[in-house]
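Peer 1: Before I ask anything, here is the structure I am working with.
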Amino acid sequence: MERLELADGRVVEYLVEGPAGARPLVMHHGTPGVAMALEPVIEAAARHGLRFVTHSRPGYDGSTPQPGRRVADVADDVSALLDAVGADDFVTIGWSGGGPHALACAALLPDRCRAAAIIAGVAPYDAEGLDWLAGMGDENVAEFGAAATSEDALDGFLTEARAQLKDVQPDEVIAAFGDLVPAVDQAALRGGLAGYVAAAFRGAVSRGYEGWRDDDLAFLADWGVDLASIRVPVSIWQGDLDRMVPRDHGRWLGEHIDGATTQLVPGEGHLSLISNIDSIVAGLASA
């Protein structure tokens, strides 16, 4: 793990894996999450001549909190990160809560971002014609219901959630997810993903829940991103069994980003969708 000090004095922790000098594939982690090596993505990136770069958003693990941050604020951090790794341009993936942040890069860094892929990413909270909570599992309905009520209500929810996740082990992840994981996602966890998810959860709440809280508040607020302004290629990947970010989020994004390609994958959930990573990265590499 490396550390980058930004112009405003904040520190961002980041990780780089893969061929030196290759175009970065910047991956935006989920919520909650941290900068971590995700081997299927690293391997796919290397196969397609890209290097894996990821960072912890403000408030997660070693990255300085940035209270009141908006989704759009990620663009400045990514721009500084690209300078630090010596890259002029990049492609990007956003998984789950990372989706809005990848879209922010596509919209706000048009001279550097060559393409974006959104894997089960959430749509804006005020998306016209979208029932944002419809189809979500009970835990997400409770979490975002608290976030929409007040910061105090969200703090109460996250205090309990952090206590559950701070020491979570791989064999406890399915129970921790509760109503959020259908059978196909449970199978993905048992098939090897549980170790990554458990470590990401522990890292995300190791120093508190500031990053998680600020992610949730940013999702429900104005992102500061004009999706209609995006001109780089965007692919939307969404499973029809997803109970964390239901399929209508992916459908809405595909209908409101000019030129986006939408892959609504039957039989896939929120986590199992990563099995499509080689196709996803291949599309980015061809941009």
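Peer 1: As an exercise, find the ratio Rg/Rh for the chain from alpha-carbon atoms, using the Kirkwood inverse-distance average for Rh.
Peer 2: 0.92
Peer 1: Could I ask something else about it? I'd like to know how the stretch 100-175 sits against the 2.2 N^0.38 Å rule of thumb: what's its Cα Rg over that expected value?
Peer 2: 1.43
Peer 1: Then there's this: For the pair GLU39/GLN164, report the inter-label distance in nm, with labels modelled 7 Å from Cα in the Cβ direction.
Peer 2: Each label point lies 7 Å from its Cα, and together they span 2.8 nm.
Peer 1: Taking Cα centroids, how far is the stretch 84-151 from the stretch 211-231 in Å?
Peer 2: Between the Cα centres of the stretch 84-151 and the stretch 211-231 lies a distance of 7 Å.
Peer 1: Give the average over all directions of the projected area of the C-alpha convex hull of the stretch 195-250, one decimal, in nm².
Peer 2: Taking the Cα atoms of the stretch 195-250, their convex hull projects to 5.9 nm² on average.
Peer 1: Would you mind putting 147-157, 251-261 in packing order, based on average other-beta-carbon counts within 10 Å, highest first?
Peer 2: Sorting 147-157, 251-261 by mean packing, highest first, produces 251-261, 147-157.
Peer 1: If you don't mind, there's one more thing I want to ask. What FRET efficiency, computed as 1/(1 + (r/R0)^6) with R0 = 35 Å and r the Cβ-Cβ distance, is obtained for ALA142 and ALA20, rounded to the nearest 0.05?
Peer 2: 0.20
Peer 1: Give me the number: length gained by fully extending ARG190 to ARG3, i.e. 0.36 nm times residue separation minus the C-alpha to C-alpha distance, one decimal in nm.
Peer 2: Answer, rounded to one decimal: 64.0 nm.
Peer 1: Hey, what did the chain get for relative contact order, percent, Cα under 8 Å, at least 6 apart?
Peer 2: 23 percent
Peer 1: Of all accessible surface on the stretch 125-231 at a 1.4 Å probe, what whole percent is carbon and sulfur?
Peer 2: With neighbouring chains kept in place, the figure for the stretch 125-231 is 48 percent.
Peer 1: When only C-alpha pairs under 8 Å and at least 6 residues apart count, what is the relative contact order of the stretch 152-248, in percent?
Peer 2: Rounded, it is 34 percent for the stretch 152-248.
Peer 1: Between ASP131 and ASP179, what is the label-point separation in nm under the 7 Å Cα-to-beta-carbon projection?
Peer 2: 1.4 nm
Peer 1: Evaluate the Kirkwood expression for the hydrodynamic radius of the stretch 44-110, namely the inverse of the mean inverse distance over all pairs of different C-alpha atoms, and round to one decimal in Å.
Peer 2: So the Kirkwood estimate lands at 12.8 Å.
Peer 1: Something else: For the chain, with a Gaussian network of springs between Cα atoms less than 10 Å apart, report the residue from GLY135, GLY178, GLY94 with the top mean-square fluctuation.
Peer 2: Answer for the Gaussian network model of the chain: GLY178.
Peer 1: How large is Rg/Rh for the stretch 54-191, to two decimals, with Cα atoms and a Kirkwood Rh?
Peer 2: 0.98
The values are calculated or read from the model by the stated rules, or taken from the named source; none is laboratory data. Here the structure is a predicted model, which means the values were calculated and not measured. With ideal geometry, Cβ positions are generated from the backbone for all residues, glycine too; neighbour counts draw on all protein chains shown. The protein model used for the area step is the full one, side chains on, heavy atoms only, and it has no ligands, DNA or RNA in it. Shrake-Rupley method; radii C 1.70, N 1.55, O 1.52, S 1.80 Å.
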